[in-house]
Every structure is written in C-alpha cells, then in structure tokens.
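Bear in mind that the values in this text are calculations on the coordinates, not laboratory data. As the structure is a computational prediction, the values presented were derived from the model and not from experiment. FYI the Cβ positions are ideal-geometry reconstructions off the backbone, even for glycines, and counts take in every protein chain you see.
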Amino acid sequence: MRAAIIRCPLSFVISRLFVFCSMPQLKYIKMPRLLKNFFFITGGAFVLWVAFLDKTNLMYQYQFSAEESKLEAQKAFFISEIKKTKEEQQELLSSPEKLEKFAREKYYMKKDNEDLFILTPPPAAK
C-alpha cells in the first residue's frame with residue numbers, strides 16, 4: 001500500500017493544474033488559447049484564492065475598512081469633546097464667580113443662609 005504525502009495543498013493544486021494544462025486532449029477541445037495557458041489559469045486561481053478563500057478576503061477587508069472609518073469618526077468626536085472640556089476647565093479655574101455659578105447649576109450647591117428649590121417640568125403625557 002502506497003501512501004501519498006501532500007505537504008502543501010496549494011502546491012498540490014498547482015502541480016495538478018500543470019498536468020491538466022499539459023494534457024494532449026486539450027489540443028482538440030475548442031477553447032480560447034488563453035484558457036489553456038498554465039499561467040493564466042494559475043493567475044485566475046490565485047485571484048479567486050485571494051478574493052474569496054483567504055482569511056483576509058474582500059468581505060473581511062470591507063468590514064475592516066468600515067469599522068476603521070467608524071473608529072476614526074469616534075476618535076474625532078472624542079478629541080473635540082476633550083478640547084471642549086479643557087476649555088471649560090480653564091474657564092472655571094480662571095474666576096471664582098464662574099466656579100460658583102457652575103457649582104450652583106450643576107451640583108445644586110447653596111450658601112448657608114439660602115434655601116434651594118428645584119423645579120422640574122411635569123412628565124410628558126403619553
């Protein structure tokens with residue numbers, strides 16, 4: 001019993017393709033000459049492999065580029081938010097009046113001799 005060892009499936013396919021292209025029966029089949037060319041068939045197989053069968057095929061590349069553009073948009077958004085926050089921080093640290101106003105509006109802080117009333121709008125009717 002003879003066991004065949006196939007080391008690389010791609011080299012096996014290429015060797016079988018070369019045998020197929022050199023078959024004498026192909027001379028009698030009506031086909032364009034380009035389709036009988038070994039290099040054309042090998043190049044076509046390579047293009048199919050890269051486009052559809054490879055781990056990083058065209059669909060993966062499309063999804064990757066879509067995710068990349070989404071992440072770039074998020075990065076730009078967060079950079080602008082950081083810039084706004086730094087400007088607000090600089091503005092608050094520049095004067096005590098603005099810091100007091102911010103504390104009163106945002107955290108409802110009050111002075112000792114004041115009473116604080118929080119008015120909220122009624123919930124919207126369904």
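What the table below lists for this structure:
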{"quantity": "Meets criteria (loosely packed, with under 10 Cβ neighbours inside 10 Å, assigned to a helix (DSSP H, G or I) and over 43 Å from the mean Cα position of the chain (by Cα)) for Glu97", "calculated": "yes"}
{"quantity": "Positions within segment 100-111 being part of a helix (DSSP H, G or I) and surrounded by 10 or more Cβ atoms within 10 Å (Cβ to Cβ), in sequence order", "calculated": "Glu100, Lys101, Phe102, Ala103, Arg104"}
{"quantity": "Inter-residue pairs, beta-carbon under 9 Å, first within 22 Å of Glu97 (Cβ to Cβ) and in segment 109-121, second outside any loop (DSSP other than H, G, I, E, B) and acidic (Asp, Glu), 6+ apart", "calculated": "Met109/Glu100"}
